[in-house]
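**Q** Sharing a structure below in structure tokens format, with a few things to ask.
The values are calculated or read from the model by the stated rules, or taken from the named source; none is laboratory data. Fair warning: this is a prediction, and the values are worked out from it, not measured in the lab. Glycine also receives a Cβ, built like all others from the backbone with ideal geometry; neighbour counts cover every protein chain displayed. These accessible areas exclude ligands, DNA and RNA; they are computed on the full protein's heavy atoms, side chains included. Shrake-Rupley method; radii C 1.70, N 1.55, O 1.52, S 1.80 Å.
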Amino acid sequence: MKGHPATTPPVTTFRHHKPKPFAPMDFDPFEGGVDPARISEAAHLTAQALVRAGKVSADPQVRERLVTLAEDEGLEIVAELWSKTPARSLPGALWRLYAIRAATLGNAEAMASFFAAGARKAEVARAIAGAAEPPGADELREMTTSILTGAFEGDFDVALERTAAYCRVIALGQAEQADAAELSHESRASVMTRRAHSLLKTAEDLEASAELWRRGELD
């Protein structure tokens, strides 16, 4: 008697919304809430379902749909699900992967400028992030897409660590450009400095999440 064929778990489908225009350089990254009372059970269950679906599916179209979720459904829908969960949780970490990629896709030229400035001071982080040479706008778009794809192929901790390294390089570049702009554009320098500090915190949270994932404690 033949067994039943293996089936791929269905990918969670969200209600359709027109994607909301996203201005990445106005995006103050990525401070999730820390109040446990605000943690949504739906956010955790949805994040678990997406990661599990990507891991068990051999269909590249399924993974592509997972990677492009933020574009297809609108980043505000992803944010509604996950952005208020703790940074060091599965939905919080997944939100940061999507948000960093969206910021790069939306303003890749500026990100490439920050990356080039930061890479000179962070060769190890640059190597971990894995951008091709030279790390221009197209290369960073490709890199952040490949990182998110890897997260759904079973290398979730690696994806977190690569994104953390990317954040560190970008933050160093922002800080360097902020120093250069301080005399002539003080307000712009202040904004870049604040964003650099925020990205460093994001990097720390992603690195901690990667360690929790390896211990089976990221939920």
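**Q** Restricting to the stretch 103-117, name every residue that is closer than 14 Å to Glu71 by Cβ and open to solvent by 20 Å² or more (accessible area, probe 1.4 Å).
**A** Matches in the stretch 103-117: Leu105, Gly106.
**Q** Can you name the condition, by its number, that Trp95 falls short on among (1) open to solvent by less than 10 Å² (accessible area, probe 1.4 Å); (2) within 17 Å of Thr202 (Cβ to Cβ); (3) touching a Leu at 6+ places or on another chain (Cβ under 9 Å); (4) modelled with pLDDT of 90 or more?
**A** Against the list (1) open to solvent by less than 10 Å² (accessible area, probe 1.4 Å); (2) within 17 Å of Thr202 (Cβ to Cβ); (3) touching a Leu at 6+ places or on another chain (Cβ under 9 Å); (4) modelled with pLDDT of 90 or more, Trp95 comes up short only on (1).
**Q** If the Cβ limit is 9 Å and pairs must be 6+ apart or interchain, which residue in the stretch 95-116 that is outside any helix (DSSP H, G or I) pairs with which residue that is not hydrophobic (A, V, I, L, M, F, W, C)?
**A** These pairs meet every condition: Asn107/Pro24.
**Q** Let me ask something else. Would you check if there is a residue in the stretch 137-145 being in contact (Cβ under 8 Å) with a residue 24 or more places away in the chain, buried (at least 22 other Cβ atoms within 10 Å of the Cβ), under 27 Å from Ala47 (Cα atoms) and under 15 Å from the mean Cα position of the chain (by Cα)?
**A** Yes, the stretch 137-145 contains a residue that is in contact (Cβ under 8 Å) with a residue 24 or more places away in the chain, buried (at least 22 other Cβ atoms within 10 Å of the Cβ), under 27 Å from Ala47 (Cα atoms) and under 15 Å from the mean Cα position of the chain (by Cα).
**Q** If you don't mind, another one. Would you pick out the residues in the stretch 118-136 that are open to solvent by 70 Å² or more (accessible area, probe 1.4 Å) and either over 27 Å from Lys55 (Cα atoms) or part of a loop (DSSP other than H, G, I, E, B) (or both)?
**A** Scanning the stretch 118-136 gives Arg120, Lys121, Glu123, Val124, Glu133, Pro134.
**Q** Next question, about the same structure. Quick check on the stretch 57-68: of everything there that is modelled with pLDDT under 90 and of a type in the set (A, V, I, L, M, F, W, C), which residue is farthest from Leu105 (Cα to Cα)?
**A** Ala58
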